[in-house]
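Scroll down for the structure; my scribbles are underneath it.
No lab work stands behind these numbers, since they all come straight from the coordinates. Worth saying up front: this structure is predicted, and the values here are computed from it rather than measured. Cβ atoms come from the backbone with ideal geometry, glycine included; neighbour counts cover every protein chain shown.
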Amino acid sequence: MQKYLDLINGADYTKLKETAEIIKNHGIVVFPTETVYGIGVNALNENAIKKLYEVKERPLDKPISLLVNSIEMINQVAKDITKLEYALIEEFFPGPLTIILKKKDSVPNIVTANSDTVGIRMPENEIALKLIDYANVPIATSSANVSGKPSKTNLKGIIKEFDGKVNCFIDGGPSRIGVASTIVQVIEGVPHILRKGSISEEQIKSVWKKI
């Protein structure tokens with residue numbers, strides 16, 4: 001049965017415990033972040049990730065990033081993290097930055113399109129962080145839109161697009177930033193911007209220069 005959870009204006013976030021059970025049981029949830037709305041599943045379950053690709057009509061050669069809520073959770077899914085990568089994490093997490101890291105074997109290859117790297121982000125949104133906390137697993141998350149269509153910053157349009165295809169919609173009101181996260185990858189000790197977002201190249205370089 002499809003659920004709708006209204007968490008606008010600081011509603012009781014303990015209601016997210018039930019939604020977290022959906023994630024644990026390999027269901028699909030639409031939820032807010034500070035950038036755009038996301039659609040996510042248990043990042044450690046291959047079958048759940050397959051469903052996410054199907055619902056989004058997303059090509060399997062396009063990787064999906066993981067949302068986490070702690071350094072400990074990052075270390076569960078990523079390895080060989082460098083001093084600069086840790087510095088970027090410390091500076092911009094939680095926030096609108098996705099960093100590409102070397103993945104551990106615990107991350108299914110389907111989520112990374114068979115790459116040995118994975119995108120990691122810690123959202124600056126209490127609903128998203130609580131959902132990850134209660135689920136106690138990283139959440140494989142893409143923007144809540146059919147592949148190729150614009151990302152959305154509120155549930156209007158998302159419900160119509162995914163009606164009957166997901167297990168729960170969480171309404172947290174409009175996204176604060178409204179722009180997808182900056183994606184950065186450190187290559188041979190140099191940070192490269194793979195996708196522009198609200199965190200600028202200058203901000204990234206300022207961290208690099210301190211290392």
Choice from TYR13, TYR37, TYR53 with maximal GNM fluctuation in the chain (Cα, 10 Å cutoff): TYR13
Give the aspartates and glutamates whose C-alpha is closer than 19 Å to that of LYS156, dropping any in the same chain fewer than 8 places away, or say none. ASP6, GLU34, ASP171
How many nm separate the modelled label positions at ASP6 and GLU202, each set 7 Å beyond the Cα in the direction of the Cβ? 4.3
In a Gaussian network model of the chain with springs linking alpha carbons closer than 10 Å, the residue among ALA135, ALA78, ALA87 that fluctuates most is ALA87
What percent does the relative contact order of the chain come to when contacts are Cα pairs within less than 8 Å and at least six residues apart? 33
Greater than 31 Å separation of Cα atoms is the criterion. Which listed pairs, LYS152/LYS205; LYS15/LYS152; LYS3/LYS196; LYS130/LYS165; LYS104/LYS209, meet it? LYS3/LYS196
Please report the spacing between the Cα centers of region 91-146 and region 14-85 in Å, no decimals. 5
Would you mind telling me the antiparallel percentage of the DSSP bridges in the chain, rounded to 5? 65
How high is the relative contact order of region 100-211? Use alpha-carbon pairs under 8 Å, at least six apart in sequence, and give a whole percent. 16
If you work out Rg/Rh (Cα atoms, Kirkwood Rh) from the coordinates, which of (1) 1.04; (2) 1.01; (3) 0.95 do you get? (3)
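Rounded to the nearest 20 debye, what is the charge dipole size of the chain about its Cα centre when +1 sits on each Lys and Arg Cβ and -1 on each Asp and Glu Cβ?
360
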Ranked list, fewest to most other Cβ atoms within 10 Å of each Cβ, for ARG176, ARG121, ARG195: ARG195, ARG176, ARG121
So who's got an amide H within less than 5 Å of the one on HIS26, skipping anything under 5 residues away but keeping other chains? H placed 1.01 Å off N, in plane. ASN42
Quick check on the chain: helices-only [θ] at 222 nm, where DSSP H runs of length 4 and up contribute -39,500 (n - 2.57) each and the sum goes over total residues. Nearest 500, please. -8000 deg cm²/dmol
With springs only between Cα atoms under 10 Å, which of SER65, SER181, SER115 fluctuates most in a Gaussian network model of the chain? SER115
